[in-house]
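What follows is one structure encoded as structure tokens, with my remarks underneath.
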Amino acid sequence: SAERDAIINGALIILVLGVSLVGAFVVSRSMIRSLRRLQDTATKVAQERLPELVGQLSESDPQDVDLSV
């Protein structure tokens, strides 16, 4: 009976560990996806939108420039 209980406890521990690892994997993939989207957006702003704004600022009066990003 003690041996059977030990096997059941071991199996439950392995099951809980497996579920925890799967959960961690799912959460990490979601975070990585969000961080990649953030990186892509930041790169686009830095490479496209920011130079456009700097160009507008250097070529026109400050009150005529649209500063929304």
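Applying a threshold of 9 Å to beta carbon distances and a minimum spacing of six or more residues, or different chains, the list of pairs starting in region 1-24 at a residue that is on the phi > 0 side of the Ramachandran plot and free of Cβ contacts under 8 Å to residues at least 12 places away in the same chain and ending at one that is surrounded by 10 or more Cβ atoms within 10 Å (Cβ to Cβ) and not charged (D, E, K, R) is empty.
Scanning region 1-55 for residues that are acidic (Asp, Glu) and over 30 Å from Ser68 (Cα atoms) yields Glu3, Asp5.
Residues that are in contact with a helix residue (DSSP H, G or I) (Cβ under 9 Å, 6 or more places away or on another chain) and surrounded by 10 or more Cβ atoms within 10 Å (Cβ to Cβ) were ranked within region 23-69; the one that is modelled with the highest pLDDT is Gln56. Taking the conditions (1) at pLDDT below 95; (2) surrounded by 10 or more Cβ atoms within 10 Å (Cβ to Cβ) in turn, Ser20 satisfies each one other than (1).
The values are calculated or read from the model by the stated rules, or taken from the named source; none is laboratory data. Please read these numbers as outputs of a predicted model, since none were measured by experiment. Methodologically, a virtual Cβ is constructed for each residue, glycine included, from the backbone with ideal geometry; neighbour enumeration extends over all protein chains shown.
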